1. Cβ contacts < 8 Å: first residue within 18 Å of THR8 (Cβ to Cβ) and touching a residue at least 12 places away in the same chain (Cβ under 8 Å), restricted to the range 21-42; second residue hydroxyl-bearing (Ser, Thr, Tyr) and not in a helix (DSSP H, G or I), any location; separation 6+ or different chain. Result?
2. For the range 1-55, name all the residues that are β-branched (Val, Ile, Thr) and either farther than 30 Å from GLY66 by Cα or touching a Gly at 6+ places or on another chain (Cβ under 7 Å) (or both).
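Where a number appears in this text, it was derived from the coordinates with a stated rule and is not lab data. Just so you know, these numbers come straight off a predicted model, no measurement behind them. Here the Cβ is made from the backbone with ideal geometry for all residues, glycine too, and neighbour counts use every protein chain on show.
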Amino acid sequence: MMPLARMTIRNLDDGLKQRLRQRAAAHGRSMEDEARDILRAALSTSERRPGNLAAAIRARIAPTGGIALEAPRGRLSARRRTFPGDHSRHQCPVGVC
């Protein structure tokens, strides 16, 4: 049998400790058992978090089968702002126009 590790948690917020006490009482166990169960549940998931926002959104929507969006009517136009020295809209070399 493997020896069990011990752990002490210092500077626990009083409100958090009270909520742990209430949760343990609701489940009919000690605060220590409740904390162990919380840690076990939190650390037992092998769920990988997506690396970017788009992947996170896809992962969140995937279980629902996706969503259908209507295409916007008409043509959306975006005005391009130009700034002094911005030659990207011109056909001439930079600094020549």
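1. none
2. Once the filter is applied, which keeps residues that are β-branched (Val, Ile, Thr) and either farther than 30 Å from GLY66 by Cα or touching a Gly at 6+ places or on another chain (Cβ under 7 Å) (or both), the range 1-55 yields THR8, ILE9, ILE38.
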